[in-house]
Amino acid sequence: MPMLGGIPGHPKSKVLLTGGTGFIASHILDHLLECGFDVVVTARSQAKGERILASIANAPNVVNSVGCKVTYAVVENIVQDGAFDEVIKTNLPLHYCIHTASPCQFSFSDPVNDCLLPAINGTVSLLSSLREYASSSLLRAVLTSSSAAILNPPNHRPVYDESSWPEDETLNWDLAKDPNAPGDTTYRASKKFAEQAAWEFMEEDELSWDLATINNTYTFGPLPRSLEVKNGGDLRVNTSNERIAVCLMGKWSQKIPRTAPVFTYVDVRDVAVAHVRAMTRPEAGGKRFYVVGGFFSNAKIAGVAHGLCRAKQHQRQQGREVENKGEEVEMCQDCVKFDDFPENHWKFDNTRSKEVLGLEYRSLEESVVDAIRSLREMGVGKGTPQIAGHHGPDEETSMPN
């Protein structure tokens, strides 16, 4: 394990952050800047890179107080050999790297080329370029993995932690490459194989730097400033927050949909802090971190949304307008009574993330309330979300455990 000679926040510490326009990466960027790091972000086009810089310029509180530097580099195709060579060679010395760039969708016409290879080869290509050109200065790389590389549906363990991996019998290459594979099989496999490839790469050589991974679950919270949303008509939100958005847009007006397959959540700001602390804390090197804040259900999301609206209506009736914090919002029990959380659901152990990274997780209420606020600022979901009759989960949809 290398000794981390750089002081977190020191202006000479430079971080390469891939996938800079992504939901999680945007919050990591904010936290890096708040800590005083110089950052080089990658984007797939010049337009996306410029959008990142413009979003920062419109949020001077993030940058001006620390005077750090942000630049971007275009990496159009992370699968290509040497895709990251130029950005690394032209930005030396690099002290840290956080790799978030990876496909995040659940439907692929060509699973191998659209998902599996970008995730796996993109990770290995980056690590190879770091080894070749940045080893003299690099201290650590952090990979954004996923709880998909921990969970093993349908044969769940009683308790999941960082020692858990999906079994080959239930998640393998043959299943993942099938365009007709059920649900999120290909995506889950891409996260498993990419992380395994990263650890195997690190074992091949005795490097002067090490690796840590963040295995976060469904991630809620405020949307990035650079997101383009046009009054809900061109909705582009991360997969996890999409369920909050459609609730606000009235698409749960007939029934609250089933929550499955995942009932665990974490706030994106906690995920960002986890990445930066995994990057800088010496004891985090060589470790996985299962980053999960708690359990949720769609009924509870609807309950928070209704609770927030009711709180605001009550405030207006009293002639005052106050920003409700998440912990001050009382869930609507008419929604929560249709909670579909299974009685014998598996448990999680996030002790390592608390002890090593010092994480203090935000509540579901705070995460959902702040996601709602950011969505409404972008024109999504005005007024009280309609959940007609407060119907329960769709009885016609099967729910895997």
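The values are calculated or read from the model by the stated rules, or taken from the named source; none is laboratory data. Keep in mind that what you see is a predicted model, and the values were worked out from it rather than measured. Backbone-built Cβ (ideal geometry, glycine too); neighbour counts: all protein chains shown. Surface accessibility is based on the protein's heavy atoms, side chains included, excluding ligands, DNA and RNA. Shrake-Rupley method; radii C 1.70, N 1.55, O 1.52, S 1.80 Å.
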³J(HN,Hα), Karplus 6.51/-1.76/1.60, whole Hz, each residue of segment 341-350, x for Gly, Pro: 5, x, 5, 9, 5, 5, 10, 10, 10, 9
Exposure of ILE52 as accessible area (Å², to 10), given a probe of 1.4 Å and all protein chains: 0 Å²
Phi-based couplings in Hz for segment 117-124 (Karplus 6.51, -1.76, 1.60; Gly and Pro marked x): 5, x, 5, 6, 5, x, 5, 5
In sequence order, calculated HN-Hα J values of segment 242-253 (Karplus, 6.51, -1.76, 1.60; Hz; x Gly/Pro): 4, 5, 5, 4, 5, 4, 5, 7, x, 7, 9, 6
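Could you sort the peptides 368-375, 118-125 by per-residue average Cβ neighbour count (10 Å cutoff), highest mean leading?
Details: 368-375: 24.0, 118-125: 22.2.
Packing order, densest peptide first, comes out as 368-375, 118-125.
Excluding ALA149 itself, what net charge comes from residues whose Cβ is under 9 Å from its Cβ, given Lys and Arg +1 and Asp and Glu -1? Walk me through the intermediate numbers first.
Values: positive: ARG188, LYS191, LYS192, ARG288; negative: GLU195.
The answer is +3.
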Other-chain or far-sequence residues with amide H under 5 Å of VAL41's (modelled H): LEU17, THR71, TYR72, ALA73
Stretchable slack from GLN46 to LEU92, in nm (0.36 nm times residue separation minus alpha-carbon distance): 14.5 nm
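Work out how much length ASP205 to THR351 would gain on full extension: take 0.36 nm times their residue separation and subtract the Cα-Cα distance, in nm to one decimal.
In short, 49.6 nm is gained.
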Within-11-Å neighbourhood charge of GLU242 [Cβ basis; K, R +1; D, E -1]: +3
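Could you please report the charge total around GLY286, scoring K, R as +1 and D, E as -1 over all other residues with beta-carbon less than 10 angstrom from its beta-carbon?
Residues near GLY286 contribute +1 overall.
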Peptide ranges 92-99, 77-84 listed from the most packed, as the mean C-beta count within 10 angstrom indicates: 92-99, 77-84
